[in-house]
1. For a footprinting-style exposure proxy, rank C:Leu3, G:Leu12, C:Leu15 by other Cβ within 10 Å, fewest first.
2. What is the sum of charges around F:Lys2, taking Lys and Arg as +1, Asp and Glu as -1, for the other residues whose C-beta is under 10 Å from the C-beta of F:Lys2?
3. What is the sum of charges around F:Val60, taking Lys and Arg as +1, Asp and Glu as -1, for the other residues whose C-beta is under 14 Å from the C-beta of F:Val60?
4. Can you list residues whose amide H is under 5 Å from F:Asp62's amide H, if they're 5+ apart or on another chain and H is modeled 1.01 Å from N?
5. Could you derive backbone 3J(HN,Hα) for the stretch C:39-56 from the dihedral phi with the Karplus parameters 6.51, -1.76 and 1.60 (θ = phi - 60°), listing whole Hz in sequence and x where the residue is Gly or Pro?
6. Around D:Phe81, under 9 Å between beta carbons, what's the net of Lys plus Arg minus Asp minus Glu among the other residues?
7. How far, in whole Å, is the closest Cβ of chain E from the axis that maps E onto D, and which residue does it belong to?
8. Distance cut-off 26 Å, Cα to Cα: go down the list E:Lys9/F:Lys75; D:Lys2/D:Lys85; B:Lys52/C:Lys59; F:Lys75/G:Lys63; B:Lys52/F:Lys9 and report the pairs above it.
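Any read-out appearing in this document is the output of simple, stated calculations on the displayed coordinates, not a laboratory observation. Owing to the predicted nature of the structure, the values given are computational and were not obtained by experimental measurement. Reconstructed Cβ throughout: ideal geometry from the backbone, glycine too, with neighbour counts over all protein chains shown.
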Amino acid sequence: MKLVPLGDKVVLKQLEAEETTKSGIVLPGQAQEKPQQAEVVAVGPGGVIDGKEVTMQVKVGDKVIYQKYAGTNVKLDAEEFVIVKQNDIVAIVEE
Amino acid sequence: MKLVPLGDKVVLKQLEAEETTKSGIVLPGQAQEKPQQAEVVAVGPGGVIDGKEVTMQVKVGDKVIYQKYAGTNVKLDAEEFVIVKQNDIVAIVEE
Amino acid sequence: MKLVPLGDKVVLKQLEAEETTKSGIVLPGQAQEKPQQAEVVAVGPGGVIDGKEVTMQVKVGDKVIYQKYAGTNVKLDAEEFVIVKQNDIVAIVEE
Amino acid sequence: MKLVPLGDKVVLKQLEAEETTKSGIVLPGQAQEKPQQAEVVAVGPGGVIDGKEVTMQVKVGDKVIYQKYAGTNVKLDAEEFVIVKQNDIVAIVEE
Amino acid sequence: MKLVPLGDKVVLKQLEAEETTKSGIVLPGQAQEKPQQAEVVAVGPGGVIDGKEVTMQVKVGDKVIYQKYAGTNVKLDAEEFVIVKQNDIVAIVEE
Amino acid sequence: MKLVPLGDKVVLKQLEAEETTKSGIVLPGQAQEKPQQAEVVAVGPGGVIDGKEVTMQVKVGDKVIYQKYAGTNVKLDAEEFVIVKQNDIVAIVEE
Amino acid sequence: MKLVPLGDKVVLKQLEAEETTKSGIVLPGQAQEKPQQAEVVAVGPGGVIDGKEVTMQVKVGDKVIYQKYAGTNVKLDAEEFVIVKQNDIVAIVEE
């Protein structure tokens, strides 16, 4: 089974957040916007979304930073994914 | 009796969520956006919705992931359905 | 006396909800979006609503599912009606 | 003294609500959208409101149903009026 | 010193509200939208506001009804004024 | 060091509010919209902001009334400034 | 590793806020909009964002004031960054 995102949706697989587990400190009031590092697993076709043309700018394999707040968590074949709108992805992490 | 959705509405029939019943864990604050796997039962004609052209991208029989938050639950002839806007469907599950 | 709806408004008469009275269970948090089955009693002319062209897609006699949340309840000559925007009607029930 | 409404505003005079005073039951959570029967006393000129062309569809003497929530109550020469946007009027009551 | 309003802003000077001081009854939940009778002291030039053409329809000396909720209170040379957007003025009071 | 505002932003320096310090009364519920008298210190270039053409209408040296609610407070070289959108300035004070 | 911002996003590195650590006073209700001085580390390409053309007006090395409220905090290789929309940057600090 695989997930085929619609419109401007992007399927992500969260990466191990080594840095954040070290401290374990959660500042109150910021939990909703906790940044997330993830790998792009599937990318929607883009096109006209809500009457506005959206061009997809991420591709499968990109490591990205996204805002967790708007994501939809999905469990499929024992794997967990997050589906976000491309607009919730704020940056690509290049190496 | 059958449900004929208007505009960008899609009628869904929820699938058995075997994976989620195993754990039964509900994380606080995420209940509103609990993802849902469902089968498409009927698809609206699309067209101009709220002044914006909407093209329908799902079809009857598709297995989809949707955001429960915006759905309308309907009970008809002892069967339960959920009617959502296509925009609340985030991905198609392909096998 | 009769109700003549303006713009994209639709006058509905709620049908007996036999199914829902049997169980009488109301899930907390879902009361606001309790789905409703009703018969269309009068349909507004449509036209330009809030700067957007709206074409009416329901007709008098249609049995419809609507979202109760946005409706306006009216009592006229001892009969009760609900007036909704067409956009709050999610599906037509065909037999 | 008289009230001359601006733009898409309509001045209403509330009618005696005989039906509602009989029962006196107010369902919790619905008070904000309590429907109102009223007579149109003055109608604004319409025109471009918030960048959108609005054509006035009610006239002085019409009996209308409106949503109380958005109205502005005015007391002038010991008489009470309600000023609403035409969009808050959902139907005309014809006899 | 005098106040020169920008854009669609209107400077008002509140009139004595004899009627309202007699009863002194404030209905709970309506305080935010308490209607106000005032005299127009200065009128902005109008023009393109937020991308929309606004034509000013009130003039200095007009007695108007406005919604207090959106106003900005200003004290200048021991006099008190309220500055509102023209859209917050719902009617002119003619004699 | 100096502040160069972007887009429709305006840098203000608050004036001594002699009138308000005399009474010292703060009405509950109005604190968020406390009006402010200030001098314009720097003006952004205007241009297309959020897809809408904005023309700057205030200039350096203008004394203005603004709504505190939307401002950003900045401390630079021991001086305090407030940066607001031009839309949050409601009037110019002329002498 | 480096962060490549998408669309109208800007990567910032916060500067030492000497002034604010001296007093340490936080006024209640203003914490969400605490102004921030930071250096621009990377700038997105701009382009059509949400159907609106956005031209980037800051460049790498600029010292800027931004509103913390909308930022996304990222920790990468033991360094901390904040990613904001250009619209959340209110001014450039020139020396």
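1. Final ranking by Cβ density, sparse to dense: C:Leu15, C:Leu3, G:Leu12.
2. Net charge in that neighbourhood comes out at -3.
3. Result for the local shell: +3.
4. F:Val40
5. Working through the residues one at a time gives 10, 6, 9, 7, 10, x, x, x, x, 7, 10, 6, x, 10, 5, 10, 9, 6 Hz.
6. That sum, taken over residues with Cβ under 9 Å, equals 0.
7. E:Gly51, 8
8. E:Lys9/F:Lys75; B:Lys52/F:Lys9
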